[in-house]
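A.B. asks: Below is a structure I'd like to ask you about.
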Amino acid sequence: MSNVTGVMLNWKRPTNVARILSSWQASGIVSEAIVWNNNPGATFRHQWANVINAAQDMGLYTRFAATCLASNDCVLIQDDDLELPTDSLRALVDAWNDDPDIIHGVFGRAPKPDGSYARNFGGDVESPIVLTRVLVAHRRYASRFFQVAPAFDEVQREGQPAGNGEDIIFSCVAMRESGRLNRVHRIAVNELPAPHSIHGRNWKGHVAHRTRLLRACEAWLKGERHEAGRDLLHV
């Protein structure tokens with residue numbers, strides 16, 4: 001069995017969460033699962049997973065709080081609106097084992113030429129931003145995230161829901177430490193029903209917020225270790 005911890009948030013799709021957990025367990029690849037339930041109105045339970053039932057919605061940063069609790073260095077972070085076939089899960093974990101210093105995922109983003117959000121990246125390519133829809137990363141980047149995140153509090157106070165854009169910060173944390181781009185891979189995923197989606201609430205506001213955060217992260221990269229930080233985002 002692989003030493004992989006799977007981390008997932010629950011809000012209002014418990015059927016999806018249970019289905020994904022069953023898939024993880026059956027794969028023989030995920031040896032530990034942590035679910036953080038941010039819906040105080042509906043306790044979530046599962047016989048195999050470790051479940052944290054929060055008394056209030058604590059936002060999207062909780063995926064990284066759960067990651068800090070992982071027993072394994074290799075952490076799979078996955079949203080509850082997609083499912084990975086076992087072969088896809090194995091391919092993603094294998095990619096991480098070959099290169100554990102960067103984030104590996106499926107859905108990539110990069111700034112447009114004017115720095116706004118965003119160009120879509122897919123296939124087998126380097127990508128600055130990897131969406132937390134599904135990714136594999138070293139658990140150390142979760143603790144680094146919480147060290148860095150306060151620098152973006154002013155921008156993030158306007159995010160809806162709380163923590164929106166956490167994937168941008170997380171990706172930049174990894175790039176700052178590795179000095180390299182992250183990577184997305186051409187692997188199959190199965191889309192699941194996705195009611196209550198963030199995008200469906202206010203798409204214009206969603207893009208505007210993520211543009212502001214993307215530009216703040218670019219400035220942070222340029223001001224820190226990498227003088228050519230702009231090149232890490234503009235590919």
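The values are calculated or read from the model by the stated rules, or taken from the named source; none is laboratory data. Here the structure is a predicted model, which is why all the values come from computation and not from measurement. Note that each Cβ is placed from the backbone with ideal geometry, even for glycine, and that neighbours are counted across all protein chains shown. We work out accessible area using only protein heavy atoms, side chains counted, and drop any ligands, DNA or RNA first. Shrake-Rupley method; radii C 1.70, N 1.55, O 1.52, S 1.80 Å.
A.B. asks: Suppose each label sits 7 Å from its Cα in the direction of the beta carbon; what would the ARG45-ASN3 distance come out to in nanometres?
C.D. replies: About 3.3 nm separates the two model spin labels.
A.B. asks: Highest mean first, how do 207-220, 132-145, 112-125 rank when packing is the count of other Cβ atoms within 10 Å averaged over residues?
C.D. replies: Working: 207-220: 19.2, 132-145: 21.2, 112-125: 13.6.
Averaged packing, sorted descending, gives the order 132-145, 207-220, 112-125.
A.B. asks: At 1.4 Å probe radius, can you tell me the per residue accessible area of the chain in Å²? Present the calculation step by step, with values, prior to reporting the outcome.
C.D. replies: Values: 10380 Å² over 235 residues.
Solvent-accessible surface per residue comes out at 44 Å².
A.B. asks: Carbon-plus-sulfur fraction of the accessible area of the stretch 42-172, 1.4 Å probe, in percent?
C.D. replies: Looking at the stretch 42-172 in its full context, I get 45 percent from C and S.
A.B. asks: What is the magnitude of the charge dipole of the chain about its Cα centre, with +1 placed on the Cβ of each Lys and Arg, -1 on the Cβ of each Asp and Glu, and no other charges, expressed in debye to the nearest 20? Don't skip to the end; give the middle numbers.
C.D. replies: Numbers: 26 positive and 26 negative charges, 104 e Å.
Computed charge dipole of the chain: roughly 500 debye.
A.B. asks: What does a probe at ASP98 reach in the stretch 160-185, counting residues whose amide N is under 14 Å from the point 7 Å along Cα→Cβ?
C.D. replies: Correct set: 183-185.
A.B. asks: So for each of 166-177, 82-93 I average, over its residues, the number of other beta carbons within 10 Å; can you give me the resulting order with the highest mean first? Provide the component values of the computation, followed by the final result.
C.D. replies: Numbers: 166-177: 23.9, 82-93: 18.6.
So the peptides 166-177, 82-93, ranked by packing, come out 166-177, 82-93.
A.B. asks: Let me ask something else. For a quick protection proxy, order the peptides 100-108, 183-191, 17-25 by their average other-Cβ count within 10 Å, most packed first.
C.D. replies: Values: 100-108: 23.4, 183-191: 15.9, 17-25: 20.0.
So the peptides 100-108, 183-191, 17-25, ranked by packing, come out 100-108, 17-25, 183-191.
A.B. asks: Using Cα-Cα distances under 8 Å and only pairs 6 or more residues apart, what relative contact order does the chain have, in percent?
C.D. replies: 21 percent
A.B. asks: Right, here's the next one. Under 16 Å from a point 7 Å along the Cα-to-Cβ line of LEU69: which residues of the stretch 38-52 have their amide N that close?
C.D. replies: 38-40, 43-52
A.B. asks: In whole angstrom, how far apart do the alpha carbon centroids of the stretch 140-219 and the stretch 49-125 sit?
C.D. replies: Between the Cα centres of the stretch 140-219 and the stretch 49-125 lies a distance of 11 Å.
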